[in-house]
Structures are given as structure tokens and as C-alpha cells.
Amino acid sequence: MKRRTDKIVYGLLTLAVAIFMSAYTDSQSTTSTRRSNNNTNELSTIGKITSSQSATVNVPIQFSGINTDDYYISGVPDNVAVTISGPSALVTAAKNTKNFQVSANLKNLSDGTHTVSLKVTGLNKDLTYKLKTPKVTLTMYKRTSSYYSVKTNYNKDAIADGYTVGTVTTSVNNVQIMGRQSAINVVDSVVADVQLKRDTKKTVRQKVTLQAVDANGNPVDVAVSPQVTTVKIPIKTGNGTRQVPLDLKTKNGNASEFSLSGSVNEVAVQGNIDVLNKLKNVQAVVDLSGVTTATQKDVTIDVPNGAESVDPKTVSVVITPKE
């Protein structure tokens, strides 16, 4: 009986040990797998950090060697394309921040046209670059300046008949022009050209870009400061002439018993345009007294109230009695 009991106890102990060993082995296997996965992720991250790429960035050109405020420089593109290559993180940073410069050294260059090399500075030492345009041709001149009064030009024929122009004013009366000396020398005036519509009848306010021109009215390549002015052209009614229908009236008789025929049907009335615009007709009064047969009379044409004169002043009227 005792031997049987010993066998049972021994079997239970053996089973317990087997379970413990199995659990320990599984634990070690799981830990090893996790370490293996972590190592793989770390290698992947390192690979991403050290991978290379290229990007093209448009960068403005900076000038060195001169005070750019003292020179007029033309012919230079607004930007140049720079292709940078290297570690992805550094390329991305340079592309987003543009923390590098493209420059041209103009030191010791005289007035005229020059071809100069471009240089990139400020890039991380682990990056390389390639300029799409390694050289540019530019024209530079010592900047000079002068001062001019602004002249206003507009087409006077565009003003409607009977309207007058008051004193024209501009928000800018004097300007500074800047450029190379040879161009400054040929400037005759600085003008503000105002474009008016045909038959303009109301005051005009218009923003105009100022232009330096030579004696023939041709534009001169100089900078104007300020560049824009507001021109006011006050327009008001004045005197004018208008053709108005002639209306024959009668007195001293029954108009229905006569037929009247005038030598003109319209007359030219002169005076303030506001008065003329309200006129519907001009009258001439025909005296019918004593008319028994066809008669011709010269009749005075009335000058309307507010008007200055009429032309012609008289009208020849044929008066014919009706049977």
C-alpha cells in the first residue's frame, strides 16, 4: 500500500516539474521574439534616417560686393532653381526653411553688362547642390536721381459739348525718378495720362500710374517714386449750343383759318447747357391781323428764358388763308 502511495506522489511531482519547465521555455521564446522585432524596427528607423533624396527649390538671388541701393540692376530672374541632395531629413529641412542663399558677387564691376557666376552658401555640409542656372547676365548702372513735377494729360475732346473742366488736381504733385544717368538725362517730364470716355459729363477721379517720358512722349526706363497718383478732373455744366424745334404761334386771328410755313424748322440756341437741356421748343409769334391773301412775313424768334441767343434771329413765314 505504501509503495503505491509513493508512486502516486512521485508522479505528481514529475508532472509539476514538466509544467514548470514548459512555461519557462515559452516565456524565453516570447522574450526572444520581442527582442528580434525591436531590433528589426530599430534597423528600419535607422534606414529611414539615413536614406537619401533630392528636391528642387526656387531661391531669389542675393547680391554682394556692392550697396544695391546705389545701383540699378536689371536682367536678373526673380528666382533660380537649386536642386539639393542628401539625407532625407536634411533635404526636407532645407526645402521647408530655405535657410541657404544664392548670391552673385558684383565687387569691382563697373557700369555695363556682365556675366557673373552664382554661388550657394549656407547649406548643411552633408548636402550637395546643383544650380540650373550657374551664371546670369545682368546690366548694372550707378543709380542717380532727380525730381519732377507731375503733369496731367487727358483728351479734351472727350468732354461733352456744353461742359467745362475746372482745376485738375493730383494726389501726388512731385516725384523722384531713379535710374542710370544716361536715362535720367533724356527725361522731359513725368505724366499722368487719364483715359476719359466719350461725352464725359461728370467729375472724374482716376488712379493713374505715373510715367517718365522724353520730349517726344516716349517712355523712359527709369523708376518713379511714388508710382501711382489719383487725378481729379472736375466737370460742370457750361455754355453750349443746341438745335431746338421752332414752334410757330399766332395772335390777332383764328389759327385754324390759316396755314403757316416757316423757312426753318429748327434754330440753334446758345446758353447754359442745363437750360438748353430743358428746352422742348423755341417760339415765334405770327401776327394774323389784316391777312386776307397769301402773305409772307419776317417774324422775330423769341430767346428762351435763361438762354443767351438764337440763330437765326428771324424766320420767314408764309401765311395762307384757308378757303
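The values are calculated or read from the model by the stated rules, or taken from the named source; none is laboratory data. Keep in mind it's a predicted model, so treat the numbers as computed, not measured. With ideal geometry, Cβ positions are generated from the backbone for all residues, glycine too; neighbour counts draw on all protein chains shown. Surface areas here come from the heavy atoms of the whole protein model, side chains and all, with no ligands, DNA or RNA. Shrake-Rupley method; radii C 1.70, N 1.55, O 1.52, S 1.80 Å.
Data table
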quantity: Net +/- balance of residues flanking V269 in space, Cβ distance below 10 Å, scoring K and R +1, D and E -1; calculated: -2
quantity: In sequence order, calculated HN-Hα J values of region 129-134 (Karplus, 6.51, -1.76, 1.60; Hz; x Gly/Pro); calculated: 9, 9, 8, 5, 10, x
quantity: Region 47-132, accessible area per residue, ligands and nucleic acids excluded (1.4 Å, Å²); calculated: 60
quantity: Percent RCO, i.e. relative contact order, over region 47-132, from Cα pairs under 8 Å lying at least 6 residues apart; calculated: 37
quantity: Portion, in percent, of the accessible area of region 47-132 that falls on carbon or sulfur, probe 1.4 Å; calculated: 45
quantity: Fraction of beta bridges assigned by DSSP in region 133-214 that are antiparallel (%, nearest 5); calculated: 60
quantity: Phi-based couplings in Hz for region 122-128 (Karplus 6.51, -1.76, 1.60; Gly and Pro marked x); calculated: x, 6, 4, 5, 8, 9, 10
quantity: Accessible area per residue in Å² at 1.4 Å probe, computed on region 238-319; calculated: 56
quantity: Within the accessible area of region 172-323 (1.4 Å probe), percent carbon and sulfur; calculated: 42
quantity: Computed accessible area, T128, all protein chains, 1.4 angstrom probe, square angstrom; calculated: 90
quantity: Solvent exposure of region 142-235 as accessible area per residue, Å², 1.4 Å probe; calculated: 59
quantity: Region 192-311, relative contact order [Cα under 8 Å, separation at least 6], %; calculated: 23
quantity: Derived scalar couplings ³J(HN,Hα) [region 84-95; Karplus, 6.51 cos²θ - 1.76 cosθ + 1.60; whole Hz; x for Gly, Pro]; calculated: 10, 9, x, x, 4, 4, 6, 5, 4, 4, 5, 5
quantity: Cα-projected label distance for K202 with T128, points at 7 Å along beta-carbon direction, nm; calculated: 6.8
quantity: Solvent-accessible surface (1.4 angstrom probe) belonging to R143, in square angstrom, nearest 10; calculated: 70
quantity: Cβ-defined net charge surrounding T56, 10 Å radius [Lys, Arg +1; Asp, Glu -1]; calculated: +3
